[in-house]
Amino acid sequence: MKSWRSRVAAFLAVGAAAIAIPLTASPAHAGPPPGGGWEQQGATTYDSRSECALMEWDGLLQNWGEYDKLYCDGNGGHDQYQIYYHHR
């Protein structure tokens, strides 16, 4: 019978892998998301796609009457991200 310490360690390892794999996956395309209405706002280097979204959120809110969505396109990790807003 396995000890509880072994079981907890195995559970944590599987859980960490389940979280890390989607976060490190990169999109197969470079450019605006599918569908119409997207306008490129610029490009900036960030450490992650999440950081891009957090830092660019204020710009989207300042233009909320014209745009309603934000998309950061990059390879994941430290990279230059293209920033797109979606027209309402």
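The values are calculated or read from the model by the stated rules, or taken from the named source; none is laboratory data. Not measured: the values here are computed from a predicted model. All Cβ positions, even for glycine, are placed from backbone atoms using ideal geometry, and neighbour counts span all protein chains on display. Just so you know, the surface numbers come from the protein's heavy atoms only, side chains and all, with ligands and any DNA or RNA stripped out. Shrake-Rupley method; radii C 1.70, N 1.55, O 1.52, S 1.80 Å.
Pairs linking a residue in the stretch 67-88 that is on the phi > 0 side of the Ramachandran plot to a residue that is in a loop (DSSP other than H, G, I, E, B), with Cβ atoms under 8 Å and 6 or more positions apart or on different chains, are 76/25; 76/26; 76/48; 77/47; 77/48. Which of the residues belonging to the stretch 28-63 are among the hydrophobic types (A, V, I, L, M, F, W, C) and either surrounded by 11 or more Cβ atoms within 10 Å (Cβ to Cβ) or not in a loop (DSSP other than H, G, I, E, B) (or both)? Of everything in the stretch 28-63, those that are among the hydrophobic types (A, V, I, L, M, F, W, C) and either surrounded by 11 or more Cβ atoms within 10 Å (Cβ to Cβ) or not in a loop (DSSP other than H, G, I, E, B) (or both) turn out to be 38, 43, 52, 53, 54, 55, 57, 60, 61. Flag set for residue 81, criterion: among the hydroxyl-bearing types (Ser, Thr, Tyr) and touching a Gly at 6+ places or on another chain (Cβ under 9 Å). Residue under question is residue 4, and the condition is that it be over 12 Å from the mean Cα position of the chain (by Cα), open to solvent by 60 Å² or more (accessible area, probe 1.4 Å) and modelled with pLDDT of 90 or more; does it hold? In short, no.
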